[in-house]
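Here the structure comes first, spelled out in structure tokens, and everything after it is commentary.
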Amino acid sequence: MTSKISFFPEVREMLHRRHWPLALCLLTLSLYFGLGVFFSVSSVQNQYADIPIEGSTLLASKVAAASDILGGGSPVAFFVCILAVVLSMQGFAWLHNRREIDFFESQPVSRSKRFAAVYVSSVLIFVLSYAIALLIGLLAALGMQSLTTELLLEALYTFLRCFILYLGMFSVAALAMMLTGNIIIALLANGFLLAYEFFMRLLLTGYSAALFPLVAGEDAFSYPKLSPICWYIVGTDKYPGTTVGSYKGTLRFIELKKWIAAAAPADIKGFLLAIAVTILAFCAYRVRKNESAGTAVVFRPVRIAVKIMTAVLISLAAALLTIEILGGTRTKTFAAAILMMALAVVVISGIMEIIYTYNFKAAFRHIPEMAAGILISLGIFGFYAMDPAGINRYVPELSELQSVAMYPRYNLTSDRMDADGLSSQKESDWFADRMQLPDPEAALELARTGMQYTMDHNYVRSNVYDVNGYNMQIVYTLKNGKRVSRVFSLPGDVNTSLMDRIVGSREYQNAMYQLSEDEMSFHPGDAWTVSLSYQSNTSDYKDIRLDREALARLREAYLKDLEMYNFTFAHDHYVDGQIHLEYQDSEYNEEENFNEQHSASLYLDVYPEYENTVAVLKELGVYSKNTPELSEIAYAQVVSYSKEGDQELKELGISEALAADDIDLNPVNGVEKQNTQTENQTSGDEKHSQGITNQDEPYADQSSGGIGAADINEDKIGLDGSDLDMNADQGSINIKITDLSEIQKLLERAVSEDYDGRYHTGDQFVSASLYVTTREQAAHANAGDAAGTYAYRIVK
């Protein structure tokens, strides 16, 4: 039948039929904006009712509260999504009712006009409702003195973003209505269309983490491209938020402009997605047959695709869960995962067929579709399990590479800074921009070595960092502009020549210690103040304020000392202490306490061989040695929990003391050895009297009194040489030493537990720990006060 009714009367007629959706939309948004602004701003007024506060600060707080409801960070998108689904399904609900289909199809209106009428009327309902409700919210903000020009502009742009989100959500729901013949199935289909890509990407990220352990986690997941919600979230993630310390408590014009520029690409993509889905829904409506009402899924190809996609998703999830639970060797784990995957495809395919046909007997009717689901699942699983594309161990050709950065993945205690303070860049990008290594061949060769070593020692679902070695990350910047990161562990016997070419380069050092000319760390702006403290075992953490001249001298001295620094040096030497530079924005605390503190920290390792740096620290009056003066020491303790504890203690050079049959319980210069058995042999009070150090809390007894000769329980010692072989599972070996010459021997190869460097391996140290107590600390302990102790690792 040809159309004899013009378009706009059809839209007007459709609006007359949709009074309750209009009322629902207007009421929901009006309550949200009106009451939301009222309660949000009122809470701020009540909070400061009895507190003296400057008018500008109160205004800023009120505007920020109003922005939480009206602005870019508001939760209004939640209501927009719900209203879009409701309006779409209500507008096309007649497609699922055969009587209403007969009524609408009997009218002289083409399908194109009817689709457009529903679409346009739904858009008008939303736009009018949002505009009226937003006006109510803005008037409420104005009446409560919390509206500014910036907030008005922010609210209007949020309106535009919500309109784009509404179009996308409405279109997806409309497509779900066209593909189904039942409102319940349509709701499920809507959720499927919105969430499938997200969950599939999330699942594949899990596979990447489990089977591609070398792929850096920050590069693994990306937002779905086929969901309007995700594009809205991408734009919202760019929102800088409202800070009371900023101009008038809301986004300044410059911040608003930056946000719009950052969010606009995502919003444009979201709008284009909405148009594409609308066209798809319209095409489905054009070919949809009227007798499809009441059918679960209208189109047979869609039915097959949805069944296979659902079966694949759940089967892959079942296989990944099996991998997570079992772990271990690849052969057994993969066999169990494949079995679970096939079983899941069969079960899910059967359930889906029952839903389609409302017939339990139809569960196993379409065997080829089940087979297709199993094959697709096996293909995806095999892609990650076998890695035919070489993604996990990816190393680009030298000709493809523009630059490369490589750095250790631990002991990165410093904040990453840029000219404005703390950098917002992700770690890999920050290093890639600053560390462009001059010897990419060495970096690529180390990457190949590390990846091979890591995979040879890596079990399914184990972490790269569980592999013993030097944990590293490499970032490739390719000539096409793409950046790719990989993580791996280098073996302890890594090629030192290759490592020296990396670690000894000035590009590596400048990035690791932020020493470049253009870095904020040593060339801060006038707004920043810099303080310095030196941290070692014996330092008192004295802070001093550094002027720019002293900061320049420190940088120059450190650069000179770094000339001796490379991998070999870092491996063979041990950090004595650390310089801590703290940067603070001078605007901090100049106004009210609401102002945001801007601060950053930089740590510089100091070795005893760094004579130039040590000289500057001494000039500044902050340097302290890592060990106390021998004359200040009261006693030391050596504690070991290893099965080879006796042998390791003998290797420390005090074996003659361990072999002694007679131990003086109150020595002046000697060695006491305590061999403690399991906890059920000694009460807690007895353990304290013997000075037994808890394995999990090595400092506990030291801080509560330490080990004093007069406190030793004579009945619990009485040891001879036959008692020296102790199993770590049975107890611990704890030796107290008061002989200063023996203590001196130990201190000569003792390094601080806190600063063990980035390029050391566990086999460089014995498993015993050394704790040194000064006379002052011992006096505090005997008086019952809290007393510390100095902790060291002992180099073999």
Residue check: is residue 220 at pLDDT 70 or above, more than 28 Å from residue 68 (Cα to Cα) and of a type in the set (Gly, Ala, Ser)? no
Can you pull out every residue in the stretch 310-356 that is of a type outside the set (A, V, I, L, M), farther than 16 Å from residue 379 by Cβ and in contact (Cβ under 8 Å) with a residue 60 or more places away in the chain? 310, 324, 327, 328, 329, 330, 333, 356
Looking only at the stretch 548-570, decide whether some residue is of a type in the set (Lys, Arg), open to solvent by 40 Å² or more (accessible area, probe 1.4 Å) and at pLDDT below 90. yes
The lone exception for residue 391 - which of (1) closer than 29 Å to residue 476 by Cβ; (2) assigned to a helix (DSSP H, G or I) it fails: (2)
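Residues are listed down the side, and each one gets a yes or a no for (1) open to solvent by 30 Å² or more (accessible area, probe 1.4 Å); (2) modelled with pLDDT under 90; (3) more than 30 Å from the chain's Cα centre (by Cα); (4) not small (Gly, Ala, Ser):
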residue	(1), (2), (3), (4)
177	no, no, yes, yes
212	no, yes, no, yes
225	yes, yes, no, yes
244	yes, yes, no, yes
I'm trying to understand the selection: among the residues of the stretch 108-134, which are open to solvent by less than 60 Å² (accessible area, probe 1.4 Å), in a helix (DSSP H, G or I) and within 21 Å of residue 283 (Cα to Cα)? 111, 112, 114, 115, 116, 117, 118, 119, 120, 121, 122, 123
For the stretch 265-283, indicate whether the set of residues that are more than 28 Å from the chain's Cα centre (by Cα) and of a type in the set (Lys, Arg) is non-empty. no
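For residue 388, are the conditions met, namely being open to solvent by 70 Å² or more (accessible area, probe 1.4 Å) and farther than 28 Å from residue 487 by Cβ? So that I can check it myself, show each step before the final result.
On the way: open to solvent by 70 Å² or more (accessible area, probe 1.4 Å): yes; farther than 28 Å from residue 487 by Cβ: no.
Answer is no for this residue.
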Any pair with Cβ under 7 angstrom, 6 or more apart, that starts in the stretch 92-106 at a residue that is on the phi < 0 side of the Ramachandran plot and ends at one that is in a helix (DSSP H, G or I) and open to solvent by 30 Å² or more (accessible area, probe 1.4 Å): 93/183; 94/100; 96/183; 101/290; 105/290
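From the list 305, 262, 281, which residue is crowded, with 18+ Cβ neighbours inside 10 Å, in a helix (DSSP H, G or I) and among the small types (Gly, Ala, Ser)? Before you say what the answer is, go through the steps one by one.
Working: 305 fails: crowded, with 18+ Cβ neighbours inside 10 Å; 262 fails: crowded, with 18+ Cβ neighbours inside 10 Å.
281 is the lone residue from the list that is crowded, with 18+ Cβ neighbours inside 10 Å, in a helix (DSSP H, G or I) and among the small types (Gly, Ala, Ser).
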Which of the residues that make up the stretch 353-375 are open to solvent by less than 30 Å² (accessible area, probe 1.4 Å) and either under 18 Å from residue 317 (Cβ atoms) or under 40 Å from the mean Cα position of the chain (by Cα) (or both)? 369, 370, 373
Conditions (1) at pLDDT 90 or above; (2) in a loop (DSSP other than H, G, I, E, B): number failed by residue 539: (1)
Scan the stretch 180-191 residue by residue and report those that are surrounded by 24 or more Cβ atoms within 10 Å (Cβ to Cβ) and in a helix (DSSP H, G or I). 186
Given the conditions (1) touching a helix residue (DSSP H, G or I) at 6+ places or on another chain (Cβ under 7 Å); (2) modelled with pLDDT under 90; (3) open to solvent by 10 Å² or more (accessible area, probe 1.4 Å); (4) not hydroxyl-bearing (Ser, Thr, Tyr), which single one is not true for residue 498? (2)
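Is one or more of the residues making up the stretch 56-69 under 25 Å from residue 228 (Cα atoms), touching a residue at least 60 places away in the same chain (Cβ under 8 Å) and small (Gly, Ala, Ser)?
Going through the stretch 56-69, the residues under 25 Å from residue 228 (Cα atoms) turn out to be 67-69.
Then keep just the ones that are touching a residue at least 60 places away in the same chain (Cβ under 8 Å); that gives 67-69.
Filter once more, keeping what is small (Gly, Ala, Ser): 67.
Yes, the stretch 56-69 has at least one match.
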Within the stretch 411-423, is even one residue β-branched (Val, Ile, Thr) and over 18 Å from the mean Cα position of the chain (by Cα)? no
Looking for something surrounded by fewer than 21 Cβ atoms within 10 Å (Cβ to Cβ) and either assigned to a helix (DSSP H, G or I) or in contact with a helix residue (DSSP H, G or I) (Cβ under 6 Å, 6 or more places away or on another chain) (or both) - is there at least one such residue anywhere in the stretch 516-524? yes
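For the stretch 52-107, give me every one of the helices (runs of 4 or more DSSP H) that falls completely inside it and has 1 or more residues that are surrounded by fewer than 21 Cβ atoms within 10 Å (Cβ to Cβ) and of a type in the set (Asp, Glu).
The qualifying helices (runs of 4 or more DSSP H) are 55-70, 98-105.
Out of all the residues in the stretch 135-161, which are open to solvent by 10 Å² or more (accessible area, probe 1.4 Å), part of a helix (DSSP H, G or I) and either small (Gly, Ala, Ser) or in contact (Cβ under 8 Å) with a residue 60 or more places away in the chain (or both)? Steps first, answer last, please.
Quick first cut of the stretch 135-161, residues open to solvent by 10 Å² or more (accessible area, probe 1.4 Å) only: 135-136, 138-140, 142-145, 147-149, 152-153, 156-157, 159-160.
Next, from what is left, pick out any that are part of a helix (DSSP H, G or I): 135-136, 138-140, 142-143, 149, 152-153, 156-157, 159-160.
Residues satisfying the conditions are 136, 138, 140, 143, 153, 157, 160.
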Considering residues of the stretch 192-203 that are among the aliphatic types (A, V, I, L, M) and open to solvent by 50 Å² or more (accessible area, probe 1.4 Å) only, the residue modelled with the lowest pLDDT: 202
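The values are calculated or read from the model by the stated rules, or taken from the named source; none is laboratory data. If you're wondering where the values come from, they're calculated on a predicted model, not measured in any experiment. FYI the Cβ positions are ideal-geometry reconstructions off the backbone, even for glycines, and counts take in every protein chain you see. The area values use the complete protein model at the heavy-atom level, side chains included, leaving out ligands, DNA and RNA. Shrake-Rupley method; radii C 1.70, N 1.55, O 1.52, S 1.80 Å.
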